[in-house]
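The values are calculated or read from the model by the stated rules, or taken from the named source; none is laboratory data. Not measured: the values here are computed from a predicted model. FYI the Cβ positions are ideal-geometry reconstructions off the backbone, even for glycines, and counts take in every protein chain you see. For accessibility, only protein heavy atoms count, side chains too; no ligands or nucleic acids. Shrake-Rupley method; radii C 1.70, N 1.55, O 1.52, S 1.80 Å.
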Amino acid sequence: MIEAGRPATKLKSEALQVLLERGLVHQCTDLETLDRNLAAGPVTAYAGFDATAASLHVGHLMPLMTMRWLQKLGHRPILLLGGGTSRVGDPSFRNEARPLLGDEQIAANISGIRHSVERLIDFRGEDGALLVDNADWLTEFRFLEFLRDFGSQFTVNRMMTFDSVKSRLEAQMPLTVLEFCYMMLQAVDFLELSRRHACTLQIGGSDQWGNIINGVELARKGDGKQLFGLTVPLITTASGAKMGKTAAGAVWLHPEHLSPFGFWQFWRNTADADVPRFLRLFTELPMTEVLRLSELQGAELNEAKKILATQVTAIVHGAEEARNAREQGDRLFAGEEELAAPTHRLDLQHLADGLGLLQLVVHVGFATSTSDAWRLVEGGGVRLNGRVVEDPRRRIAVGDLAAEDQLTLAVGRRRKALVAFD
RNA sequence: GGAGGAGUGCCCGAGUGGCUAAAGGGGACGGACUGUAAAUCCGUUGGCUAAGCCUACGUUGGUUCGAAUCCAACCUCCUCCA
């Protein structure tokens, strides 16, 4: 295993030097040879995303940032959407099977994921990145053919040794054949991409190590080719929690699931202790700047947090949205609940239909249910236009709208929304 | 194949006929304090246009005025025997 952030004096390739100093490297199958390859010329690398939800979330930023760096440094990324593997479900480090997804759900999720991926990676031009879907080949296999061609290359003995399934086996929890075969499918993906597009490197989260190794081994046995695997670390916050989970759900990358301002807020609220690490991992600021910002102490760190938030938001939602979000943040937290640009839009018709405050709180994503919102109101945590709301049954009326038919809604100290009706 | 044990809310974990929407802890969120941080203290933590109603303690049925708690079958797991 590679220590993240270790001075990369021996490395020849700029790519690995950058990834290491950014803290994006956790494990690698053969760091030295990969380094030579990356130094010798463009390498094609892939990262895959299964269609488990309608949007990617901040956890997916790690492999995506890695791909961005590789692209920036002259290598070619392939982003793989798991249209095929999503029908199976990766059992890695899970103690029970995922609910099986229907084809329609998968198709819908893939389009949401594609949206974010296309923002983060440049697919234009001949040398641009590639976007592929493993349904293209996985659905073509016939069962007996598949078993003969690939089943013969895997042993159950070996497959059972992977940590990703070991705990499930040891806990005697059921692991279906369907799930167990997931690692074969991902291995075949890697082989397929190496054949079709000369892809030699797979990037994934640390939970993907086993799946990646299987691909590397399959290519060696089957095609006599050396492929490489590189995993990014699992990020936890300073308080030890898995990153990106909040009361209102995951921190989504898709603007329909979390507004750019909400996204900006998430990063602005980073704990002090996480700031240096997050700057390295999730921004593309030069290391000198990262180090300078990391030196800041106490309340000065607030400026670093704003820069962090604005940088990440720019990568995910674009520079313009990032600027807006920052401006919003500055204004909304300046003192009063000042208005900037709307974070949410609603049809004016909703007011005529009798829009409840609780519904609005849920709608903007500050509560997961009206009951949840109800409790927030009872706890004195909800403010409408700067005034604490006492009555959970409060309805929104035309009289609540300020200029331009807008109102501000705030939950707690940090979550604020500007809702426009039109 | 046989004998015994277990399955609780986001997680861990009490409860063994009504006082239980379910102790306690963790996490999370809200309030106070602050720097939109941390620590600390207080509160909340199934759903619902909500002084009420509805769903909940593996699943499905049953006993009972009343069940997470008793019974039956089923599913899953654990331990011991073969």
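Among the residues that make up the range A:243-257, is at least one of them within 13 Å of RNA strand B (Cβ to nearest atom) and modelled with pLDDT of 90 or more?
For the range A:243-257, residues within 13 Å of RNA strand B (Cβ to nearest atom) and modelled with pLDDT of 90 or more: absent.
Go through the range A:38-66 and count every residue that is over 30 Å from A:Gln105 (Cβ atoms), touching a residue at least 12 places away in the same chain (Cβ under 8 Å) and surrounded by fewer than 18 Cβ atoms within 10 Å (Cβ to Cβ). Walk me through how you get there before you give the answer.
So in the range A:38-66, the residues over 30 Å from A:Gln105 (Cβ atoms) come out as A:38-44.
Checking which are touching a residue at least 12 places away in the same chain (Cβ under 8 Å) leaves us with A:38-39, A:42-44.
Remaining after also requiring surrounded by fewer than 18 Cβ atoms within 10 Å (Cβ to Cβ): A:39, A:42.
The qualifying residues number 2.
Matching residues to (1) open to solvent by 10 Å² or more (accessible area, probe 1.4 Å); (2) polar (S, T, N, Q); (3) in contact with a Phe, Trp or Tyr (Cβ under 8 Å, 6 or more places away or on another chain):
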| position | (1), (2), (3) |
| --- | --- |
| A:Arg68 | yes, no, no |
| A:Gln71 | yes, yes, no |
| A:His75 | yes, no, no |
| A:Ile78 | no, no, yes |
| A:Leu81 | no, no, yes |
| A:Val88 | yes, no, yes |
| A:Ser111 | yes, yes, no |
| A:Arg119 | yes, no, no |
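Is there any pair with a first residue in the range A:386-404 that is free of Cβ contacts under 8 Å to residues at least 60 places away in the same chain and a second that is open to solvent by 100 Å² or more (accessible area, probe 1.4 Å) and among the charged types (D, E, K, R) whose Cβ atoms are under 7 Å apart and which are 6 or more apart or on different chains, and what are they?
If the second residue must be open to solvent by 100 Å² or more (accessible area, probe 1.4 Å) and among the charged types (D, E, K, R), the pairs left are A:Gly386/A:Glu336; A:Pro392/A:Glu378.
Only strands (runs of 3 or more DSSP E) wholly contained in the range A:317-422 count here; list those with 1 or more residues that are within 9 Å of RNA strand B (Cβ to nearest atom).
The strands (runs of 3 or more DSSP E) meeting that bar are A:382-384, A:406-411, A:415-421.
If A:Glu303 meets every condition in (1) open to solvent by 20 Å² or more (accessible area, probe 1.4 Å); (2) near RNA strand B (Cβ under 9 Å from one of its atoms) apart from one, which number is that one?
(2)
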